[in-house]
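The values are calculated or read from the model by the stated rules, or taken from the named source; none is laboratory data. These numbers come from a predicted model, not from an experiment. All Cβ positions, glycine included, derive from the backbone under ideal geometry; neighbour counts span all protein chains shown. Only protein heavy atoms, including side chains, enter the accessible area calculation; ligands, DNA and RNA are left aside. Shrake-Rupley method; radii C 1.70, N 1.55, O 1.52, S 1.80 Å.
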Amino acid sequence: MVAVARKRIPQQSPETSTFESDVIEGLRSTPKSLPAKYFYDAAGSQLFERITELPEYYPTRCEISMLRDYAADIAKLIPQGAALVEFGSGSSRKARILLSAAPKLAAYVPVDICREMIEQEAAELRRDFPQLKVLPVTADICKPFDLPDEAKGAPVRVGFFPGSTIGNFEPHEASAFLRNAANILGAGATLIVGVDLIKPAEVLNAAYNDKAGVTAKFNLNLLTRINRELGGTFRLNTFEHHAFYNRERHRVEMHLASLKRQKVKVGGETIDFRAGETIHTENSYKYSVESLAALARGVGWLPTGAWTDAHRYFSIQAFRFAG
Ligand code: AVI
């Protein structure tokens with residue numbers, strides 16, 4: 001028998017109680033949903049790393065080779081003495097390409113919610129780029145946060161938001177993110193964004209339904225996390241990964257479908273599932289160069305450059321904020 005952890009509210013950290021209330025709220029809604037941000041516990045982050053190496057998952061490979069191919073052009077948008085601010089920096093792997101191409105940069109500000117990761121990454125960057133000031137900030141990139149004084153004092157700031165993470169936001173959230181970035185970076189700023197493009201459904205469906213089943217594991221890991229952290233009773237073999245391109249809404253949707261009628265307990269609540277009922281776990285919006293430019297224009301960012309690969313699978317787009 002599986003031991004089910006009891007709900008112990010007084011011992012919970014604020015993060016756990018937000019996770020718990022978000023999960024309960026999502027599972028009580030019709031249709032059921034869970035926020036995609038909760039995919040990224042330690043196991044989920046490792047699974048995502050494996051996704052980026054899958055033959056079917058083109059975005060990471062495409063973006064990295066574009067950053068390498070167009071580094072010199074992109075670096076022209078980074079003026080002397082500028083501070084590069086990366087939103088959701090993680091491993092800074094992509095920023096390193098820009099840092100090497102733009103030696104006139106004065107500072108690099110990696111911003112991420114995970115303090116441990118950016119502090120460790122910052123130490124390595126200081127070693128590899130000894131002339132660069134590396135000024136990590138721990139913050140939620142969707143909320144207002146303060147830049148370090150040295151970055152505020154730079155003649156101009158350049159934002160960097162690669163990985164098509166913007167595609168995991170609802171369009172109104174993407175627009176709120178762009179507005180927040182403008183407020184943080186200030187007048188005269190440039191923003192460089194990596195965005196996955198609208199393309200034939202077969203390519204998208206294959207990218208989110210890989211043959212090795214890694215994306216399925218990544219999706220199902222959310223239930224493992226709920227079981228472990230919230231004492232949930234999800235049986236993983238009774239749920240199945242579903243991912244498909246929704247042409248009308250220009251997004252890949254991921255769901256977890258219950259294979260049978262069942263009850264699941266989470267944090268003292270009992271959730272009923274019909275056979276075939278799904279939990280909507282992620283949207284990955286795909287844009288055209290024009291549709292992202294329209295969204296950005298709406299909050300004051302003017303398009304100043306756009307690069308795509310030969311297949312037009314992925315784009316890197318640059319914007320300027322006049323203020
Ligand atoms: C992180 N994000 C841009 C990925 C995407 O493609 O939307 C997350 C992902 N989900 C399934 N595969 C990858």
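Descriptive notes on the structure:
- Residue ID - most open to solvent (accessible area, probe 1.4 Å), chosen from residues in the stretch 24-45 that are farther than 15 Å from M254 by Cα, more than 16 Å from the chain's Cα centre (by Cα) and charged (D, E, K, R): R28
- Residue within the stretch 9-32 that is farther than 19 Å from A318 by Cβ, within 16 Å of the ligand (Cβ to nearest atom) and part of a helix (DSSP H, G or I) present: no
- A residue that is charged (D, E, K, R) and within 16 Å of the ligand (Cβ to nearest atom) cannot be found anywhere in the stretch 259-277.
- Flag for A176 being without any contact (Cβ under 8 Å) to a residue 12 or more places away in the chain and part of a helix (DSSP H, G or I): no
- Filtering the stretch 46-68 to residues that are open to solvent by 30 Å² or more (accessible area, probe 1.4 Å), without any contact (Cβ under 8 Å) to a residue 24 or more places away in the chain and either more than 15 Å from the ligand (Cβ to nearest atom) or under 16 Å from G90 (Cβ atoms) (or both) leaves Q46, E49, E53.
Yes or no, residue by residue, for (1) away from the ligand (no atom under 16 Å from the Cβ); (2) crowded, with 21+ Cβ neighbours inside 10 Å:
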{"site": "F161", "(1), (2)": "no, yes"}
{"site": "N168", "(1), (2)": "no, no"}
{"site": "N183", "(1), (2)": "yes, no"}
{"site": "D196", "(1), (2)": "no, yes"}
{"site": "K199", "(1), (2)": "no, no"}
{"site": "K211", "(1), (2)": "no, no"}
{"site": "T215", "(1), (2)": "no, yes"}
{"site": "T238", "(1), (2)": "yes, no"}
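- Any hit, the stretch 218-228, residues being more than 16 Å from the ligand (Cβ to nearest atom) and open to solvent by less than 30 Å² (accessible area, probe 1.4 Å): yes
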